[in-house]
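Chemist: What follows is a structure written as structure tokens; I'll ask about it next.
We did not get these values from a lab; they are worked out from the coordinates using the rules stated. The structure presented is a predicted model; accordingly, all values stated were derived computationally and were not measured. All Cβ positions, even for glycine, are placed from backbone atoms using ideal geometry, and neighbour counts span all protein chains on display.
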Amino acid sequence: MSEIEELSKKFGKPKIYNFKLEALAPFSPPFDSRHSKTEIVLVLRNSDGKIWLHRKSYYPKDTLRLHTGGVETSESVYDALRRELKEETSLEKDPDKFLAIINYRLNSPKHNAKFVDYLFLFNNVDTNPQPLDETENIEEIKLVGLNDFPSVVNILSRQPHNSPNTEKQIGFWADWGRFRAISHNVVFNLLRE
């Protein structure tokens with residue numbers, strides 16, 4: 001049995017999505033080789049049904065998103081899930097549900113790549129998540145209602161190529177934002193069902 005089958009048995013069968021995404025820049029994350037090709041998406045929901053989102057210091061203004069983290073080469077998805085949860089939130093617990101698997105086919109001017117997001121739901125996260133890793137540059141953590149997710153998706157998907165609000169350039173912010181918007185839209189649709 002594969003690890004994904006074991007996780008599905010333990011935390012529920014995830015919905016599977018496939019998306020094709022065109023990038024404008026050749027080296028925007030997650031296209032470049034510095035980034036993992038597999039990522040954990042942490043969906044942290046409090047007992048009122050609101051979701052914890054964060055903003056890093058170098059993100060374009062008003063940009064919030066779900067917590068995520070790469071799966072390292074020799075690491076299992078479960079170990080990455082536990083590590084990222086602790087690093088980004090100080091929490092140590094198992095997920096309540098394996099929500100989804102998103103398979104991306106990413107096309108950029110210089111190459112194509114495949115990328116996978118594994119989305120896990122954690123319920124009853126009622127205390128403000130506190131990052132342990134200061135290098136994450138998390139500047140803001142806030143609760144957002146599910147009804148506000150379309151606005152979050154809209155802000156992510158409409159990022160400019162170069163943000164006037166940050167000195168850090170990671171390829172085109174537009175590519176990054178459109179990529180990030182997909183998982184947020186999936187979460188919105190799954191949690192409102």
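Chemist: P(r) tail for segment 3-191, what percent of Cα pairs lie past 23 Å?
Modeler: On the way: 7028 of 17766 pairs.
Counting pairs separated by more than 23 Å, the tail of P(r) holds 40 percent.
Chemist: How would 73, 127 line up from fewest to most surrounding beta-carbon atoms within 10 angstrom? All intermediate terms of the calculation are to be shown ahead of the outcome.
Modeler: Details: 73 8, 127 11.
So the ranking, lowest neighbour count to highest, is 73, 127.
Chemist: Could you tell me which helices of the chain pass both thresholds, a Cα extent of 15 Å or more along their own axis and a mean Kyte-Doolittle hydropathy of at least -0.5, with helices taken as whole DSSP H runs?
Modeler: Details: long enough: 77-89 (17 Å, -1.18); 173-191 (27 Å, 0.21).
Taking the DSSP H segments of the chain (at least 15 Å long, mean hydropathy at least -0.5), we get 173-191.
Chemist: If the chain between residue 47 and residue 5 were fully stretched, how many nm would it gain, using 0.36 nm times the residue separation less the Cα-Cα distance?
Modeler: Numbers: separation 42, 0.36 × 42 = 15.12 nm, distance 2.85 nm.
The span from residue 47 to residue 5 would gain 12.3 nm if fully extended.
Chemist: Take the chain, connect every pair of alpha-carbon atoms lying under 10 Å apart with a spring to form a Gaussian network, then pick out the residue of 156, 42, 146 with the largest mean-square fluctuation.
Modeler: 146
Chemist: Continuing with this model, one more query. Filter the cross-link list 50/93; 15/56; 10/56; 15/61; 20/50 down to pairs whose alpha-carbon distance in this structure exceeds 25 Å.
Modeler: Working: 50/93 19 Å; 15/56 29 Å; 10/56 32 Å; 15/61 32 Å; 20/50 29 Å.
With Cα atoms farther than 25 Å apart: 15/56; 10/56; 15/61; 20/50.
Chemist: OK, next. Using Cβ counts within 10 Å as a stand-in for footprinting exposure, how do 135, 89, 68 rank, fewest first?
Modeler: Numbers: 135 7, 89 24, 68 17.
The most exposed by this proxy come first: 135, 68, 89.
Chemist: Using the Cα centre of segment 1-132 as origin and beta-carbon charges of +1 (Lys, Arg) and -1 (Asp, Glu), tell me which of 24, 120, 98 is placed farthest towards the positive end of the dipole.
Modeler: 24
Chemist: Anyone know which of 101, 16, 138 comes out most mobile in the 10 Å Cα GNM of the chain?
Modeler: 16
Chemist: Charges at C-beta only: +1 for Lys and Arg, -1 for Asp and Glu. How large is the resulting dipole of segment 33-156 about its Cα centre, in Debye rounded to 20? Please list the in-between numbers first.
Modeler: Numbers: 17 positive and 20 negative charges, 120 e Å.
Dipole size: approximately 580 debye.
Chemist: Counting helices only, and only those DSSP H runs with n ≥ 4, report the 222 nm mean residue ellipticity of the chain as the sum of -39,500 (n - 2.57) divided by its residues, in deg cm²/dmol to the nearest 500. Don't jump to the answer; show the numbers that get you there.
Modeler: Details: 4 runs with 50 residues, N = 193.
When only DSSP H runs of four or more count, the value is -8000 deg cm²/dmol.
Chemist: A further question follows. To the nearest 0.05, how large is the calculated FRET efficiency for residue 86 and residue 140 if R₀ is 22 Å and r is the Cβ-Cβ distance?
Modeler: In this case the efficiency is close to 0.65.
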